[in-house]
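Notes follow once the structure below has been shown.
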Amino acid sequence: MTQNIEGKVVVITGASSGLGEATARHLAALGAKLVLGARRLDRLTVLARELDLPAGAVVQTDVSDAEQVKRLVDGAVAAHGRIDVIVNNAGIMPQSLLEHGRIAEWDRMIDVNLKGVLYGIAAALPHMTRQKSGHIINVSSVAGHKVRPGSSVYAATKAAVLMLSEGLRQEVKPYGIRTTVISPGAVETELPASVTDTEVAARIRQFYDQVAIPADSFAHMVAFAMSMPDNVDINEILYRPTAQEL
Ligand SMILES: NC(=O)c1ccc[n+]([C@@H]2O[C@H](COP(=O)([O-])OP(=O)(O)OC[C@H]3O[C@@H](n4cnc5c(N)ncnc54)[C@H](OP(=O)(O)O)[C@@H]3O)[C@@H](O)[C@H]2O)c1
């Protein structure tokens, strides 16, 4: 499950913690050439040192700014001559009941979870269509398939990523570009810390403590999709902790 990864140029957003960081570690060990983005440059710099990445392999990036995402991707192409994979992973989950009207958090989730993915696609597609190859990996969630009280806006952004990914899949067929959308269940990362509503945060913390699985589960899904022969396109992966009922 590791062929077709060595030497690939992979851009990962949200690589400073959680799923993105675990994916960076796993793909680095498999010989991929990484370019990592997130806002916390200090965290990226420590990771780059640990993985022995070359200068320029980390770029401070806020995915809610299209120009910054373009700079991240164009930088990868300038450094390596191509981009093989983009993992549009950055995301936040400040869940709350709609009746609490936390409009700023709704806006932020739409900006990061949905528009951030769109900006990643916009940045990568000109290169991938020119190359006539590439692989766009978007991150949805079990929440993109199932909604619960408190998760409406988060789930809406993740359902949008699912729909967007299916449209993308059809549009990029003529260019030989592969598309994968990965929907994880509860995985142990810093994500629950993005919940500011104390009641919801406590409920989510308890749920994660009961069922969450390690972040390298996601890294293995990315590696699985990447490692398929070029004529095999793994379009959707939905996975959960074995103990997760919902
Ligand atoms: N953990 C789970 O149970 C789970 C389940 C399903 C789906 N997911 C999805 O998995 C993805 C990764 O989340 P995670 O679980 O790994 O959580 P995490 O540990 O909190 O990581 C989130 C990453 O996104 C980055 N990020 C947040 N806002 C950003 C912005 N505006 N611009 C650039 N980067 C930004 C963070 O970096 P900076 O703060 O340094 O920018 C961090 O690297 C998210 O899309 C999440 O919705 C997670």
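The values are calculated or read from the model by the stated rules, or taken from the named source; none is laboratory data. All figures in this text were calculated on a predicted structure; none of them were measured in a lab. Positions of Cβ are generated from backbone atoms using ideal geometry, with glycine treated the same way; all protein chains shown enter the neighbour counts.
Computed values, structure above
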{"item": "Within the range 1-37, tally of residues that are more than 19 Å from R178 (Cα to Cα) and of a type in the set (D, E, K, R)", "result": "2"}
{"item": "Qualifying residue in the range 144-166 (condition: farther than 26 Å from G101 by Cα and either near the ligand (Cβ under 10 Å from one of its atoms) or buried (at least 20 other Cβ atoms within 10 Å of the Cβ) (or both))", "result": "yes"}
{"item": "Count of the range 1-12 residues which are assigned to a loop (DSSP other than H, G, I, E, B) and surrounded by 22 or more Cβ atoms within 10 Å (Cβ to Cβ)", "result": "0"}
{"item": "Which listed residue, of L51, L27, L34, L47, is within 13 Å of the ligand (Cβ to nearest atom) and among the hydrophobic types (A, V, I, L, M, F, W, C)", "result": "L47"}
{"item": "Scope the range 5-24; condition away from the ligand (no atom under 14 Å from the Cβ) and among the hydroxyl-bearing types (S, T, Y); matching residues", "result": "none"}
{"item": "Hits in the range 35-69 - residues which are surrounded by fewer than 24 Cβ atoms within 10 Å (Cβ to Cβ), touching a strand residue (DSSP E or B) at 6+ places or on another chain (Cβ under 6 Å) and within 16 Å of A123 (Cβ to Cβ)", "result": "V59"}
{"item": "Positions within the range 119-144 being touching a residue at least 60 places away in the same chain (Cβ under 8 Å), within 17 Å of G167 (Cα to Cα) and over 12 Å from the mean Cα position of the chain (by Cα), in sequence order", "result": "A124, H135"}
{"item": "Residue that is nearest to the ligand (Cβ to nearest atom) [pool: residues in the range 119-143 that are in a helix (DSSP H, G or I) and of a type in the set (V, I, T)]", "result": "V142"}
{"item": "Candidates T189, T196 - the one that is farther than 30 Å from D84 by Cα and not in a helix (DSSP H, G or I)", "result": "T196"}
{"item": "Only listed residue being at pLDDT 95 or above and in contact with a His (Cβ under 9 Å, 6 or more places away or on another chain), chosen from D62, D74, D111", "result": "D74"}
{"item": "Lone qualifier among A15, A24, A55 - being among the small types (G, A, S) and part of a helix (DSSP H, G or I)", "result": "A24"}
{"item": "Output for the range 151-175, where each listed residue is more than 11 Å from N113 (Cα to Cα) and either at pLDDT below 95 or of a type in the set (K, R) (or both)", "result": "R169, K173"}
{"item": "The range 181-223, subset closer than 18 Å to E105 by Cα, in contact (Cβ under 8 Å) with a residue 24 or more places away in the chain and within 11 Å of the ligand (Cβ to nearest atom), residue surrounded by the fewest Cβ atoms within 10 Å (Cβ to Cβ)", "result": "E190"}
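Results for (1) away from the ligand (no atom under 15 Å from the Cβ); (2) without any contact (Cβ under 8 Å) to a residue 24 or more places away in the chain, shown as yes or no for each residue.
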| site | (1), (2) |
| --- | --- |
| D62 | no, yes |
| E67 | no, yes |
| V85 | yes, no |
| M93 | no, no |
| V117 | no, no |
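For (1) under 16 Å from G116 (Cβ atoms); (2) among the charged types (D, E, K, R), each residue gets a yes or a no:
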site	(1), (2)
V9	no, no
A15	yes, no
A28	no, no
R40	yes, yes
E50	no, yes
S64	yes, no
G81	no, no
